[in-house]
Each structure stands twice: as structure tokens, then as C-alpha cells.
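*Asks:* Following this message is one structure expressed as C-alpha cells.
The values are calculated or read from the model by the stated rules, or taken from the named source; none is laboratory data. Keep in mind that what you see is a predicted model, and the values were worked out from it rather than measured. So basically every Cβ, Gly included, is an ideal-geometry build from the backbone, and we count neighbours across all protein chains shown. The area values use the complete protein model at the heavy-atom level, side chains included, leaving out ligands, DNA and RNA. Shrake-Rupley method; radii C 1.70, N 1.55, O 1.52, S 1.80 Å.
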Amino acid sequence: MSEELLPLFPLPVVLFPNSLLPLHIFEERYKQLINECLNEEKEFGINLTQEKEVAKVGCTAEVTKLLKRYDDGRMDILVQGKRRYSLVRFVTSSTLYRVAHVEFMQLEEELIDTGLAAETVKLHNQLIEMVYRDKSYGLAYDAGNTMLSFKVAQKAGMEMAQRQALLELNSENERLRVLHTYFTEVIPKLERLGEVERVIKSDGYTVN
């Protein structure tokens, strides 16, 4: 598997493929990064960072919209997750931001368990209605979506470590099994107000 250079924007967040994430850009190094990405129409990588530790597996992001540009150079942008990758090593760069060699991850070839996928979506929608009281956040089962699990996970209220573990799994069936188990465990707890608030606070994504 060949390596590629990728500019990085480590954040305390896990970005999933196809998910939308609003960002406020205020540091000089990331102003430089985002301006280059806008001018050159290139992706950058987002890796979960916690207590100065950078997760090995991340997801590339593409700026889909420049929402606002401030007089001092700050920006509000909307990005979309694209491709998962594994961090190989950081490299010395003349840029203000970090750059690394990465290897892009390939989807595992497998026959998707449609029964599991449909049941997981059903549980997801049950959780969403309980937490948000809004059926519009629900998902329709799409048998042709080989990365349905990432869409299901976006507003599931998983802890950061759970999201990162899901991002690192290469099997769609395995990701669906993890989500199915998560829903069957968390839904009975949702009658407790504290658990509902935790799920809401754990959701950091824009619905798409």
C-alpha cells in the first residue's frame, strides 16, 4: 500500500466518512491550512487528539462551504468526511501545520448482513425519537450503502473512544454489530434524564 503526504488538523473529535462538521478556524497554522485547501481544492486529515495523544486512524475532510470570513482572517467553515487513513509518521515541514505520511484504508469485501443493518437502523431511529423527539432525524434503510454504519453512528451519542474504535473497524458487518449492541444497551437507559442529556451532549455533528 503506497503512502501519501497529508496535512493534518488534529481535533478532539472523530470525523466519519460522509459526515458534516462545522469548524471555527482561528489559529494561524489552521488559517494557513484551510486557505491552502480552499485555493488548491485539496483535503486535510482530522485525527482524534486527547491529552496530546494523536489517534493513528483518521478521516480526511473536504471544505464544502466557507460560511463566513472575518476581518482578522478567522473563518467559519463546513467540512465533509471523505476517506479513512492510517497515520504512518509525521514529517518535517515548512508549514505552520503538521504534515504526515498516511496510508488510505480500503473497504473490506464482504456480503452485508441486511437483516442486521435494517435492525440497527430501526434501533437508531428509536433512540433518535426518544432523545430528540423529532422523527426527521431518523434514517431510511439503504441496502446499497456499504458505509451505512458511519451514518448511523453520527447522532448515536457514542463516547469519543467508542467512535474512534468504530472508525478503525474495516468490516461493515462488524461496525453494525457494535452499533446494534450499543443501541440495545443504551436504549433501556434513556428513560433516565441524565442519560438523555449525555447522548445530546455527545452529538457533535450536523445532520445531512
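*Asks:* Between a first residue in region 37-51 that is assigned to a strand (DSSP E or B) and a second residue that is among the hydroxyl-bearing types (S, T, Y), which pairs have beta carbons less than 6 Å apart while being 6 or more apart in sequence or on different chains?
*Replies:* G45/T60
*Asks:* Considering only residues that are open to solvent by 80 Å² or more (accessible area, probe 1.4 Å) and within 22 Å of the chain's Cα centre (by Cα), look in region 108-118 and name the one that is nearest to F183 (Cα to Cα).
*Replies:* Only one residue fits best here, namely E108.
*Asks:* Let me ask something additional. Hey, could you check region 22-53 for residues that are of a type in the set (A, V, I, L, M, F, W, C) and open to solvent by less than 10 Å² (accessible area, probe 1.4 Å) and say which is farthest from A161 (Cα to Cα)?
*Replies:* Here the residue is C37.
*Asks:* Also: Kindly indicate the residue of region 133-180 that is exposed (fewer than 14 other Cβ atoms within 10 Å of the Cβ) and not in a loop (DSSP other than H, G, I, E, B) and also nearest to the chain's Cα centre (by Cα) among those meeting that condition.
*Replies:* A161
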